[in-house]
2 protein chains.
Amino acid sequence: MKIDELYALLRRRGVLWPSAEIYGGTQGLYDYGPLGAALKRRLQDAWAAWFLGLSPDYHRIEPAEILPEAVVRASGHLENFTDAEVTCEKCGTAFRAETLLESVRPEGVDGLTPAEIGEIVRASSIRCPSCGSTALHVPRPFNMMFGVPLGVAGTERGYLQPETAQASYLAFARMWDVARRSLPLGIAVIGHAYRNEIAPRQLLFRMRSFTQAELQIFFDPAGFPVPFDRVASEELPVLRAARRDAGATEPETARATELVASGLPEFYVYHLVQTYRFLRDVLRYPAGRIRFFEKSDRERAFYNRIQFDAEVRFESLGGFREVGAVHYRGDYDLTRHTEGSGRDLAVTPTGGAKILPHVLELTFGVDRNLWALADVHLGRDGERTVWHLPPYLAPVSVGVLPLIEKEHAAVATELAESLAAAGVTVQYDDASSIGRRYARMDEAGTPYCLTVDGGTVGPGPEHGSVTLRERDSKAQERVPASDVAARLAPEFRLPRPSVR
Amino acid sequence: MKIDELYALLRRRGVLWPSAEIYGGTQGLYDYGPLGAALKRRLQDAWAAWFLGLSPDYHRIEPAEILPEAVVRASGHLENFTDAEVTCEKCGTAFRAETLLESVRPEGVDGLTPAEIGEIVRASSIRCPSCGSTALHVPRPFNMMFGVPLGVAGTERGYLQPETAQASYLAFARMWDVARRSLPLGIAVIGHAYRNEIAPRQLLFRMRSFTQAELQIFFDPAGFPVPFDRVASEELPVLRAARRDAGATEPETARATELVASGLPEFYVYHLVQTYRFLRDVLRYPAGRIRFFEKSDRERAFYNRIQFDAEVRFESLGGFREVGAVHYRGDYDLTRHTEGSGRDLAVTPTGGAKILPHVLELTFGVDRNLWALADVHLGRDGERTVWHLPPYLAPVSVGVLPLIEKEHAAVATELAESLAAAGVTVQYDDASSIGRRYARMDEAGTPYCLTVDGGTVGPGPEHGSVTLRERDSKAQERVPASDVAARLAPEFRLPRPSVR
């Protein structure tokens, strides 16, 4: 679907809508309604089950989301977390330089000074998209963090975290003591990140508040053992930096062993494959719509030694977009926070020598992937609109429908309650025709419906049985109501990686 | 336990610690570690299962947590969300007036002007708790919201939400269309609230960022039907405002029917009882440590028509503290937002007349209740330290322990993985003696341990069986490993209310 059509459907079904909608909305902020909030929670649970399932030494924490100024000074965000903007002197509108210059400079403007950006603007004779003027001006870079005063005096200053990663670095020393005092040690956070975007746009793609799921793995650079044999033969769709430099625009297929042979470390490729499997096997994005885009030396942040962005092709956005990434960050973060805090963050594993761990970061945009789950799985299927979500991600697991409200409500209600007590997410619906109710459930992604009818409540051979209808095939069969919970339970279990 | 001892234990076990600890901590902000984060998620899930289980017309949403200025102007927060402070002219320290005057004015200072507070300070000849000076000064009230500029120009202003309730009022119009266009309609939010506290203190009791679970129920004031017969005979520990005025300090037991006879609406008492049951039956606070404290006309906010605070007696804090509340807010909120937004929020249910719904608010402090779960359930039991958490709240459900690592690790790992695949939260522990491992699990609140030993792996009659140990009784029995998941599953199910 096109973006407008998809967004209209999601708004109408209460998946999401503009925040403070009755006040005209707030740019870059969205509210998730019942279906969206449930899908988001399941997506987060699926991420946690998969990535924390990689090792018993990967742990999930929940840190506060405000950082004191000393932290963002040490991390470099106070100085460098800026966005170049271009403002129109005639109409006053501000634009992100990167967006405005997309057509003339597709590689972006990271690292350029305002003067250099100004030169490109002048040379390209680009016009203001709002009013058409050429009076475009490039002011100082704009820090994208939201600052807040702490306390009455306002002398202490805090910042809404621009990414969840910093909180994991701050927690490393405490977690070293809490966990097994051994490496690798993984710290995962699912939390909000806040960025004062100059121009929020493309719905869930450039929001002012969004949710990240990130895993920071601290490891000994002398050795990060992984069960590489479990991924060795996997084939990944990659677009390498060197091939791009040579003009390639399409990904090629590379075996994990080939990537290692090309110089990437085994631990890196292992986690890249696990990321691929999560996108392909858990979120069920078609393999042909996934690619791993390698950032070149020029494109990635200076502290990242290796970076592949995980990208998905969005129909609604007309191309590939980043939904996650794997960053090898070296010892940058612990070095900076050792300097900033005065606390030596080097550790001495039992029987080993003192070392400053390196960091491998797996990052994942929760909102972007929620959008991808709509873009990829929600669409027309003949007359129907169906959201083909994997059953374990569907906001509602089972719809319970009395065929005739007056006659079948009692038994249907009882069935719904017994499923709910067994931990199944149920929605009871007795409004309108059975066809329209199936249609509503299809649109919401509900994988199974149970219909209670005359046979269920009557004395005949169908007594106690219900019609089980599967969403994608529309196949219906008669099953004993008492068997349903146990039969469907495996469908609702979150997949976990096989690591041994 | 005393607060210092309890906090030290929670820090050591990585339940929680000061945020940005390596930088000396940030006042009023805490990080939850693996055990704390897992407990917090389960507590939230338990709240949702219970309160959303009250009606299929109660829905959970996840709104953005930044409100535009027009919203907090309409809600009254811009003008009134202030805290009176007293500052010492000698040492410069600022104190909350309410805290400083607790001993001389236990009813608080809400509604008093700075001049009136200054008069009380002078009359009481109170001294600065920091330096002992009597040079105390009462400045203008201090707005406790954190403001943030939105966008480059900074002309648009947002505020971190001071409570989750406003987001539900903003969502009402959209939810009316998304849900069944009928009343009652409940909107639940579990999210962060932010308050720039003058003096954060008592750990999780006055934080600058904390988590609320709130349910706003919109209903027709002409009739809010509830299954009152399900709660009629329940006896509640209440401290009524009138009895307090007459000098009472201890709660009395009142039957739900008596509360209704005294003039409280049935819908109100019904939700008060369900709140009581959640605290007593789900969180398992002893009945004798719970009371419902009625706020008088003088004490409650002017828009609240009825207010009972749910209070729990904390050993670590030396008395009863508020952990939740039930507020009957009338039509205040939708009236204010109708005026503020220009959007008429009155609705016309099918076949009914146009009405502006009233609001019943159930509010619950997640962090405070997490602290209560430690205060009430974590303590010494002879030689042991045991966290007697209800099994469905425990961060780890089952500990899997190979008796001798070398001999039993393979079978134990396999068992742990099969339990994890079945959705059980497992922790595998092979470090140190079995007694020390049981002790660690007891302290973490793990309700069950499974020990794999020679019998399990040997060819004899105990082949395939493990020792199941229960935390509270320390009772051990031999059970087939293959039966464990099914046998324990009911223990891990979240309780739901019986509403029919």
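Estimated from helical segments only, the mean residue ellipticity of the protein assembly as shown at 222 nm is -8500 deg cm²/dmol, where each DSSP H run of four or more residues counts as -39500 (n - 2.57).
Taking only Cα atoms, what is the 0 to 90° angle, nearest 10, from helix B:405-421's long axis to the longest principal axis of chain B? The angle comes out at about 50 degrees. Shown for A:F224, A:F302, B:F142: other C-beta atoms within 10 Å of each C-beta, ranked fewest to most, produce the order A:F302, B:F142, A:F224. Compared with the dominant principal axis of the Cα atoms in chain B, helix B:366-377 is inclined by about 50°.
Scaling against 2.2 N^0.38 Å puts the C-alpha radius of gyration of the stretch A:381-434 at 1.28. Put the Cα centre of the stretch A:429-474 next to the Cα centre of the stretch B:420-488 and the gap is 42 Å. In this entry, the stretch A:82-143 is assigned a mean projected area of 3.6 nm², taken as a quarter of its C-alpha convex hull surface.
Over the protein assembly as shown, the hull volume per residue, using the convex hull of the C-alpha atoms, is 200 Å³.
In terms of other Cβ atoms within 10 Å, A:I187, B:I434 run from fewest to most in the order B:I434, A:I187. Cα centroids of the stretch A:265-281 and the stretch A:193-247: 10 Å apart. Each copy carries B:R105; placing its label point 7 Å along the C-beta direction from Cα gives inter-copy distances of 6.0 nm, listed from smallest up.
Using only the alpha-carbon atoms, how far is helix B:114-124 inclined from the longest principal axis of chain B? Give it as 0 to 90 degrees, nearest 10. The answer is roughly 70 degrees. As a rough footprinting exposure proxy, the listed residues B:S397, B:S418 were ranked by other beta carbons within 10 Å of their own, and the order from fewest upward is B:S418, B:S397.
Its Cα gyration tensor gives the stretch B:387-492 an equivalent ellipsoid; the semi-axes, largest first and in whole Å, are 20, 15, 12. Seen from every direction in turn and averaged, the convex hull around the alpha carbons of the stretch A:44-168 projects onto 11.7 nm². Out of the trypsin sites (Lys or Arg not before Pro) in the stretch B:54-114, which ones are loop residues according to DSSP with at most 16 other C-beta atoms within 10 Å? Those that pass, being in a loop and sparsely packed, are B:K90.
Given 37 °C and 0.692 mPa s, how large is the Stokes-Einstein diffusion coefficient of chain A in µm²/s, with Rh as the Kirkwood radius over Cα pairs? Estimated via Stokes-Einstein, D reaches 129 µm²/s. With pairing defined as another cysteine C-beta under 4.7 Å, the cysteines of chain B that fail it are B:C449.
Among the trypsin sites (Lys or Arg not before Pro) within the stretch B:187-274, not one is in coil by DSSP while having at most 10 neighbouring Cβ atoms inside 10 Å. Position B:I355: other-copy label points at 6.8 nm, ordered by increasing distance, label point 7 Å along Cα→C-beta. In the assembly of identical copies, A:P286 has its label point, taken 7 Å from Cα in the direction of the beta carbon, separated from the corresponding points by 6.3 nm (ascending, one decimal).
Over the stretch B:225-379, the reciprocal of the mean inverse Cα-Cα separation, the Kirkwood hydrodynamic radius, stands at 17.1 Å. In chain B, the beta-carbon sitting nearest the axis that superposes B on A belongs to the residue given here with its distance in angstrom, B:V148, 3. Restricting the GluC sites (Glu not before Pro) of the stretch A:382-421 to loop positions (DSSP other than H, G, I, E, B) with no more than 11 neighbouring Cβ atoms within 10 Å leaves A:E383.
FYI, it's all coordinate maths here, none of it is from the lab. In this text the structure is predicted, and so the values were computed from the model without any measurement. We place every Cβ from the backbone using ideal geometry, glycine too, and count neighbours over all the protein chains shown.
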